[in-house]
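*Asks:* My structure is below; once you've seen it, I'll send some questions.
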Amino acid sequence: MPYWLHTLIIILVIYIAISIALYYLQDYMLFKPEKLPKDFEFHYENQDIEEHNLETRDGAVINGILFKPKGESKGIVLYLKGNSKSIKGWGKFAVDFTRHNYNVLMVDYRGFGKSTGKRSQKAIKRDLQEVYNKIKERTTEDRIILYGRSLGSGFATKLASMNNPKMLILDAPYYSLTKVTARYAPFMPLSILIKYPLPTYKWLKYVQCPIHIIHGTNDKLIPFKTSIKLSKVNPKLTKLHAVIGGGHKNLNNFESYHKMIHEILNIKPQDIDLSTTSIHVKHSSKPTKAKD
């Protein structure tokens with residue numbers, strides 16, 4: 001056997017082995033769950049909470065916590081978290097919405113916290129739709145806000161595309177999870193291997209409610225340019241909010257982030273009479289000469 005052919009076969013075998021490993025290990029690389037015992041009791045200082053369990057069609061249990069505001073509720077925020085830990089820790093972010101008198105419902109994906117069931121993109125999407133349907137039994141859709149953080153941004157977008165919530169807020173979203181993975185494995189056939197493609201950009205086209213995208217300009221995991229690109233998918237409904245200097249995990253440490261949340265939740269959108277603006281005025285491409 002020629003040396004070059006022998007080398008080629010070795011490279012091919014290694015490539016196939018890596019591809020197989022990537023396919024079967026991606027759940028472990030993508031999801032970093034914290035599992036909680038069934039009898040674990042949630043506790044948050046100065047927070048009024050209710051624990052809920054939803055049994056799905058395939059027998060899984062989706063665990064969640066409802067955080068209640070002190071004043072009269074303006075609606076509910078369905079908060080879809082990132083890929084790590086459980087709602088035990090994520091619950092501390094609920095105060096950013098309860099302080100504006102919104103209920104907040106946080107749920108753990110399958111295999112996180114107290115939630116059970118075999119995880120897949122299809123199963124998680126189905127679970128979250130069931131959660132959304134339960135919320136609709138208690139309130140109208142014009143009082144439901146979807147908030148997706150990092151991993152949760154794709155699922156939140158999918159929900160918004162299939163329903164009619166009041167608003168969609170995306171925090172550090174990705175264009176698609178395939179694109180994020182491609183940064184670390186550029187030579188792998190990810191379109192075939194990835195089990196969680198989560199094409200946010202495809203679903204965003206069908207969202208019909210106001211869309212707010214919040215992203216840190218110094219995000220190293222999901223670059224800010226990702227949100228610039230996403231903001232152009234459905235531009236008439238989308239507003240991009242840049243947290244100057246913000247990274248991927250620290251937006252809540254910036255005062256500007258909390259000002260953005262305040263404005264998003266409390267300012268009612270107003271139609272602008274564009275006929276009274278300079279929208280159609282174009283700058284001259286040629287300098288004009290001064291007349292004598």
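The values are calculated or read from the model by the stated rules, or taken from the named source; none is laboratory data. What you are looking at is a predicted structure, and each value in this text was computed from that prediction instead of being measured. In this analysis, Cβ positions are derived from the backbone assuming ideal geometry, glycine residues included, and neighbour counts consider all displayed protein chains. Side chains are part of the model used for accessible areas, which takes the heavy atoms of the whole protein and leaves out ligands, DNA and RNA. Shrake-Rupley method; radii C 1.70, N 1.55, O 1.52, S 1.80 Å.
*Asks:* Out of all the residues in region 47-72, which are part of a loop (DSSP other than H, G, I, E, B), of a type outside the set (V, I, T) and touching a residue at least 40 places away in the same chain (Cβ under 8 Å)?
*Replies:* At the first step, the residues of region 47-72 found to be part of a loop (DSSP other than H, G, I, E, B) are 47, 56-60, 69-72.
Cutting the leftovers down to of a type outside the set (V, I, T) gives us 47, 57-60, 69-72.
Q47, R57, D58, G59, A60 - these are the residues of region 47-72 that are part of a loop (DSSP other than H, G, I, E, B), of a type outside the set (V, I, T) and touching a residue at least 40 places away in the same chain (Cβ under 8 Å).
*Asks:* Next question, about the same structure. Can you report the number of residues in region 73-90 which are assigned to a strand (DSSP E or B) and out of contact with any Gly (no Cβ under 7 Å at 6 or more places or on another chain)? Please lay out each step first, then the result.
*Replies:* Narrowing region 73-90 to residues assigned to a strand (DSSP E or B): 76-80, 84-85.
Filter once more, keeping what is out of contact with any Gly (no Cβ under 7 Å at 6 or more places or on another chain): 76-79, 84-85.
Of the residues in region 73-90, 6 are assigned to a strand (DSSP E or B) and out of contact with any Gly (no Cβ under 7 Å at 6 or more places or on another chain).
*Asks:* Something else now. Restricting to region 166-180, give me the number of residues that are touching a residue at least 60 places away in the same chain (Cβ under 8 Å) and either open to solvent by less than 10 Å² (accessible area, probe 1.4 Å) or at positive phi (or both).
*Replies:* 4
*Asks:* Could I ask something else about it? Looking only at region 37-52, count every residue that is surrounded by fewer than 10 Cβ atoms within 10 Å (Cβ to Cβ) and not polar (S, T, N, Q) and tell me the total. Quick ask: steps written out before the conclusion?
*Replies:* Of all residues in region 37-52, those surrounded by fewer than 10 Cβ atoms within 10 Å (Cβ to Cβ) come to 37-39, 41, 43, 45-46.
Keeping just the survivors that are not polar (S, T, N, Q) gives 37-39, 41, 43, 45.
Residues in region 37-52 being surrounded by fewer than 10 Cβ atoms within 10 Å (Cβ to Cβ) and not polar (S, T, N, Q): 6 in total.
Here is a yes/no grid of residues against (1) modelled with pLDDT under 95; (2) in contact with an Asp or Glu (Cβ under 6 Å, 6 or more places away or on another chain); (3) within 29 Å of T140 (Cα to Cα):
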{"position": "W4", "(1), (2), (3)": "yes, no, no"}
{"position": "Y23", "(1), (2), (3)": "yes, no, no"}
{"position": "K32", "(1), (2), (3)": "yes, no, no"}
{"position": "E50", "(1), (2), (3)": "no, no, yes"}
{"position": "V61", "(1), (2), (3)": "no, yes, yes"}
{"position": "G71", "(1), (2), (3)": "yes, no, yes"}
{"position": "G82", "(1), (2), (3)": "yes, no, yes"}
{"position": "F112", "(1), (2), (3)": "no, no, yes"}
{"position": "T116", "(1), (2), (3)": "no, no, yes"}
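*Asks:* Residues G111, G82, G89: which one is in contact (Cβ under 8 Å) with a residue 40 or more places away in the chain, within 30 Å of Y28 (Cβ to Cβ), open to solvent by 10 Å² or more (accessible area, probe 1.4 Å) and touching a strand residue (DSSP E or B) at 6+ places or on another chain (Cβ under 8 Å)? Explain how you work it out, then say what you get.
*Replies:* On the way: G82 fails: open to solvent by 10 Å² or more (accessible area, probe 1.4 Å); G89 fails: touching a strand residue (DSSP E or B) at 6+ places or on another chain (Cβ under 8 Å).
Residue meeting the stated conditions: G111.
*Asks:* Please determine whether any residue of region 213-232 is at pLDDT 95 or above, in a loop (DSSP other than H, G, I, E, B) and within 26 Å of A123 (Cα to Cα).
*Replies:* Within region 213-232, not a single residue is at pLDDT 95 or above, in a loop (DSSP other than H, G, I, E, B) and within 26 Å of A123 (Cα to Cα).
*Asks:* Output the residues belonging to region 91-148 that are closer than 18 Å to C209 by Cβ, among the polar types (S, T, N, Q) and assigned to a loop (DSSP other than H, G, I, E, B).
*Replies:* T139, T140, listed by residue number.
*Asks:* I would also like to ask the following. Looking at (1) of a type outside the set (F, W, Y); (2) surrounded by fewer than 18 Cβ atoms within 10 Å (Cβ to Cβ); (3) modelled with pLDDT under 95, can you tell me which one G247 breaks?
*Replies:* The failed condition is (3).
*Asks:* Can you find a residue in region 44-61 that is among the basic types (K, R) and under 17 Å from the mean Cα position of the chain (by Cα)?
*Replies:* Narrowing region 44-61 to residues among the basic types (K, R): 57.
After this cut, where a residue has to be under 17 Å from the mean Cα position of the chain (by Cα) as well, the list is none.
No, region 44-61 has no match at all.
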